[in-house]
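Reviewing the structure listed below.
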Amino acid sequence: MASRIPTSTSVTESAVISALFSSVWHLIKLESFSDFWTALVKSETVKDTSPDTDIVKWVFKDGTELEVKLEAHSTIDHYITYSVISAKPQLSYSSVVSTVRLFPITSGHHEGQTFVQWTGNFSSDADAGVIEDAKFKRREALADLANAVKK
């Protein structure tokens, strides 16, 4: 019987984006992720859901489809929290809840830029490979976000 490698079930990636806060914040909507994240072919609102439920389908270039549900959103504290509610193909773990949070940098060398933090908290059945994959996907997406706001 193979033993599992003990691993943390959370990931946090961050970046300083060389753009004004407002330029970055307007892209942080689940249905707008394909506007900056090059791994996505499209992101679209799922129709036929209740009016108080926001679900977006993300279609990745590799064919993976995720339906993500907006769990929390704050225009005061500048974050969104979402969970994956379905996936094709099926995920190897039970659940993940992620948060993208932005902070305007108000002083120092990076004044006028934006700090972005993207976390993911996975169920305990997520293995080290899942966590590593999540880390690199978030890093790529943050780099894509930085490139998108330069345009």
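The numbers here are math on the coordinates, done by the rules we state, and not lab data. None of these values were measured; they are calculated from a predicted model. Using ideal geometry, Cβ is built from the backbone for each residue, glycine included, and neighbour counts are taken over all protein chains shown.
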Q | Rounded to whole Hz, the Karplus (6.51, -1.76, 1.60) HN-Hα couplings of the range 21-31, x for glycine and proline | A | 3, 4, 5, 7, 4, 5, 8, 8, 9, 3, 6
**Q.** Percent RCO, i.e. relative contact order, over the chain, from Cα pairs under 8 Å lying at least 6 residues apart
**A.** 32 percent
Q. Want the number for D133 to K61: 0.36 nm per residue separation, take away the alpha-carbon distance, what's left?
A. 24.4 nm
**Q.** Helix axis angle, 128-150 relative to the chain longest principal axis, alpha carbon, degrees
**A.** 30 degrees
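To check you understand DSSP bridge types, tell me what percent of the beta bridges within the chain (both residues inside) are antiparallel, rounded to 5. List each step's numbers first, then the result.
Numbers: 41 of 41 bridges.
Just about 100 percent of them are antiparallel.
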Q: For Q113, enumerate residues with amide H under 5 Å from its amide H, sequence gap 5+ or separate chain, H modeled in the peptide plane.
A: I105
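Convex hull over the alpha-carbon atoms of the chain: what's its volume per residue in Å³? Please report the intermediate quantities before stating the final value.
Working: hull volume 19.1 nm³, N = 151.
Each residue corresponds to 127 Å³ of Cα convex hull volume.
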Q: Compute the length gained on full extension between E111 and V149: take 0.36 nm times their separation in residues and subtract their Cα-Cα distance, giving the result in nm to one decimal.
A: 12.0 nm
Q. How far is it, in nm, from the label point at W25 to the one at E44 when both lie 7 Å from their Cα along the line to the Cβ?
A. 3.0 nm
Q. Using θ = phi - 60° and the Karplus form 6.51 cos²θ - 1.76 cosθ + 1.60, what ³J(HN,Hα) does each residue of the range 104-112 get, whole Hz, x for Gly and Pro?
A. x, 8, 9, 7, x, 4, 9, 3, x
